[in-house]
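So the structure is just underneath, and the comments pick up after that.
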Amino acid sequence: MNEPIYFYTKSGPFYELSNFSPFGFEHAGAYWPTVEHYFQAQKFEDPAYRERIRNASSPHDARALGQSRQVPIRPDWESVREEVMLTALRLKFQRPNLKATLLGTGDRALVEASPFDYFWGAGQDGSGQNRLGCLLEQVRQELQ
């Protein structure tokens with residue numbers, strides 16, 4: 001088995017796999033600057049708040065808006081969040097250069113090396129669920 005590919009920081013390898021990387025896509029008549037913008041906006045039913053997140057100046061700002069609970073999140077969020085992420089990843093990796101990068105990872109495990117996130121990433125101690133990496137591997141398999 002090949003060594004896993006760890007990605008997370010802008011200065012590290014395979015930053016293109018990160019939801020914060022600056023590769024946007026069109027969906028439902030709107031342009032989304034990053035996967036993070038799209039994902040965070042989908043947490044909310046309020047169209048004005050979704051638009052505010054879509055127009056956030058950076059993925060960091062989009063995440064901050066998405067983590068706010070001043071606006072209620074949609075009641076089904078826990079059950080749909082992975083499908084929302086998968087939709088965004090499928091759209092992002094339609095770009096030929098990103099598709100080539102993802103396919104170029106071969107059969108190596110993809111691991112979001114976030115020390116903070118134990119659901120989407122591996123967490124500080126590597127015990128996280130790494131759901132982002134798993135979904136990226138799924139998209140890679142679909143593209144092969």
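Computed from the coordinates by the stated procedures, all read-outs in this text should not be read as laboratory data. Remember, predicted model here, so these are calculated numbers, not experimental data. Neighbour counts run over all protein chains shown; Cβ positions are idealised from the backbone, glycine included.
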Legend entry - Single unsatisfied condition, HIS27 versus (1) more than 14 Å from LEU136 (Cβ to Cβ); (2) in contact (Cβ under 8 Å) with a residue 24 or more places away in the chain; (3) crowded, with 17+ Cβ neighbours inside 10 Å: (3)
Legend entry - Selected residue [in contact with a helix residue (DSSP H, G or I) (Cβ under 6 Å, 6 or more places away or on another chain) and among the hydroxyl-bearing types (Ser, Thr, Tyr)] from SER21, SER57, SER11: SER21
Inset, instruction - For VAL71, work out the one condition from (1) assigned to a helix (DSSP H, G or I); (2) surrounded by 16 or more Cβ atoms within 10 Å (Cβ to Cβ) it doesn't fulfil. - result: (1)
Legend entry - Contacts under 8 angstrom Cβ, first residue in the stretch 75-88 being in contact (Cβ under 8 Å) with a residue 12 or more places away in the chain and within 15 Å of LEU136 (Cβ to Cβ), partner in a helix (DSSP H, G or I) and among the aliphatic types (A, V, I, L, M), 6 or more apart: GLU82/LEU135; MET85/VAL35; MET85/LEU132; MET85/LEU135; LEU86/LEU135; LEU86/VAL139; ALA88/VAL35
Legend entry - When residues of the stretch 30-60 are limited to those that are of a type in the set (A, V, I, L, M, F, W, C) and over 27 Å from ALA122 (Cα atoms), the one surrounded by the most Cβ atoms within 10 Å (Cβ to Cβ): ALA30
Legend entry - Count of the stretch 30-66 residues which are touching a residue at least 24 places away in the same chain (Cβ under 8 Å) and aliphatic (A, V, I, L, M): 5
